[in-house]
Amino acid sequence: MVNYQEATEGRLLLGANVHLGNGEIVENAALGVKDGYVTLLAEDALDQLDLRKFQVDRLGGQYHIYPFKKIDRGNSGIVLARADAEPINIAIRDREVERCITIGCEAQLLICYGSIEDMTKFRVDYVVMGSEKVKILRQSDYGMAIGPNQ
């Protein structure tokens, strides 16, 4: 008989570089999200966590997590097309006064392959928006298509 333990601590994003939004970066991070809020942010904490308690997304060093804010249409930013609703228009929060990813803040996270420092490799894989994980079908930035095939 298999002893199945339900993931009780929410989603855990492992191994990515987390950009806090104030210029700081946490490398090889463990970032926990439960009920729409960030509950855990630690560097190199893999050996201290019971992964059975989480729904784990194993990422890696080539992944970057950015905080975002929704913006009105027409402003320059990133437009994310999702399968089940209207597109999401977002801007990455970077170099802002307040810390945007910290324990207790609402989860508005872009999970990206590559960094915004090199737009040729950058793409958004999915978004964690509150308690929802949104799969991204397509991403565009300033009218230029950026997708997994490029």
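Computed from the coordinates by the stated procedures, all read-outs in this text should not be read as laboratory data. Fair warning: this is a prediction, and the values are worked out from it, not measured in the lab. Backbone-built Cβ (ideal geometry, glycine too); neighbour counts: all protein chains shown.
Brief remarks on what is shown
- Max-minus-min Cα coordinates of the stretch 6-106 on each principal axis give 45, 33, 26 Å, with the largest extent listed first.
- Among 51, 80, the order by Cβ neighbours within 10 angstrom, fewest to most, reads 51, 80.
- Cβ-based exposure ranking for 105, 100, 112, in which fewest neighbours within 10 Å come first: 105, 100, 112
- Options 79, 113, 22, ranked by Cα towards positive dipole end of the stretch 11-146, top entry (Cβ charges): 79
- The stretch 11-146 - share of DSSP beta bridges that are antiparallel (%, nearest 5): 90 percent
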